[in-house]
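S.K.: This is the structure I want to talk about, given as structure tokens.
The values are calculated or read from the model by the stated rules, or taken from the named source; none is laboratory data. Just so you know, these numbers come straight off a predicted model, no measurement behind them. Positions of Cβ are generated from backbone atoms using ideal geometry, with glycine treated the same way; all protein chains shown enter the neighbour counts. The accessibility values were calculated without ligands, DNA or RNA, using every heavy atom of the protein model including side chains. Shrake-Rupley method; radii C 1.70, N 1.55, O 1.52, S 1.80 Å.
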Amino acid sequence: MQEHILVERDGPLQIIRLNRPDKKNAITRAMYATMSAALAAGDADPAVRAHVFLGVPGAFSAGNDLADFMAMAVGGEGGEEVWGFLAAIAGAAKPMISGVDGIAVGIGTTLNLHCDLTFATPRTMFHTPFTDLGLVPEAGSSLLVPAILGRQQAFAMLALGEPFSAERAREAGLIYAVVGEEELEAEVLKAARLVASKPPEALKIARDLMLGDRAELLARIRTEAEHFRDRLRSDEARAALMAFMSRKKA
Ligand code: COA
């Protein structure tokens, strides 16, 4: 079976690649668990200086696997792997750099809010259609996006589900740079190697100072998660998830 998350080491870098192209890199519970374990292992290994997130051409991630959401909506399961991953990215000890090409929906967008540098290609669209799915913002995005964008742009992104192009995201300060599709991975790795070349102790203190006390962020992630779990069982969410599932069967 094809591995949906590929984890490899490249010198001081740990590269975590989402690799489920037939489903546009929709993330299953098993994929979350693999990524959380990789982050923990990389953080614990002094040889690793930075984590890199990459997707496949045209798809960083279509977000949480909607069949998994459906199972959670019907079966009432909590999806601990999801919340574990959100805590892992919010609490990661080492810098995270991401390269995004194409589809970036839901967690495919909000994951990048936790990265220190995000590169995206011109064809990338950042899209968080939470309310259209009867859901609410996650991954601390209800705290982080207003802080970056201001309240009205944040409302457009998180409440209206307005897609943001890579260029708009860069201008707004959501991402670091826009680079061509052909250059994306080379640019990401170049930046990650630069990060990895810095004195690690000083870099860690500098990063921790910029991130500040993460308790508030973790608390917000938990609050969002409580709403999210409730919303998954709502009629609004079930209807939206059914619509996506039946669209696929048609
Ligand atoms: N969960 C599960 N499967 C997904 C998925 C998701 N989030 N996103 C895409 N897929 C699957 C599709 O069901 C399809 O599978 P199939 O070939 O077995 O039918 C395959 O990936 C390709 O998707 P498709 O919709 O044909 O690709 P597209 O390029 O036309 O559209 C998207 C891509 C991302 C715009 C569209 O798939 C989409 O809207 N997905 C849902 C995104 C979403 O709402 N995520 C949750 C956010 S909280």
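S.K.: What are the pairs with Cβ atoms under 9 angstrom where one residue, in the range 75-98, is farther than 19 Å from L211 by Cβ and the other, located anywhere, is open to solvent by 30 Å² or more (accessible area, probe 1.4 Å) and not in a helix (DSSP H, G or I)? Sequence gap at least six, or different chains.
M.R.: Close Cβ pairs (under 9 Å, with a partner that is open to solvent by 30 Å² or more (accessible area, probe 1.4 Å) and not in a helix (DSSP H, G or I)) amount to G76/R233.
S.K.: To continue, here is another question. Could you tell me which of the residues V145, V82, V179, V136 is open to solvent by less than 20 Å² (accessible area, probe 1.4 Å) and touching a Phe, Trp or Tyr at 6+ places or on another chain (Cβ under 7 Å)?
M.R.: Every option except V82 fails the conditions.
S.K.: Give just the number: which of (1) in contact with a Gly (Cβ under 9 Å, 6 or more places away or on another chain); (2) among the basic types (K, R); (3) assigned to a helix (DSSP H, G or I) does R168 not satisfy?
M.R.: The failed condition is (1).
S.K.: What number of residues within the range 153-201 are more than 20 Å from H51 (Cα to Cα) and of a type in the set (S, T, Y)?
M.R.: 1
S.K.: Looking only at residues in the range 5-14 that are touching a residue at least 12 places away in the same chain (Cβ under 8 Å) and over 15 Å from L111 (Cβ atoms), which one is most open to solvent (accessible area, probe 1.4 Å)?
M.R.: R9
S.K.: Another one. So in the range 86-104, with the set limited to residues that are within 14 Å of the ligand (Cβ to nearest atom) and surrounded by 24 or more Cβ atoms within 10 Å (Cβ to Cβ), which one is farthest from E224 (Cα to Cα)? Lay out the reasoning, then the answer.
M.R.: Applying the first criterion (within 14 Å of the ligand (Cβ to nearest atom)) to the range 86-104 yields 86, 100-104.
Now narrow it down to the ones that are surrounded by 24 or more Cβ atoms within 10 Å (Cβ to Cβ): 86, 100-101, 104.
Working: L86: 11, V100: 25, D101: 27, A104: 20 Å.
Among them, the one singled out is D101.
S.K.: Follow-up question, since we're still on this one. Looking at the range 17-40, is at least one residue open to solvent by less than 50 Å² (accessible area, probe 1.4 Å), within 14 Å of the ligand (Cβ to nearest atom), over 23 Å from L189 (Cα atoms) and aromatic (F, W, Y)?
M.R.: The answer is no; no qualifying residue exists.
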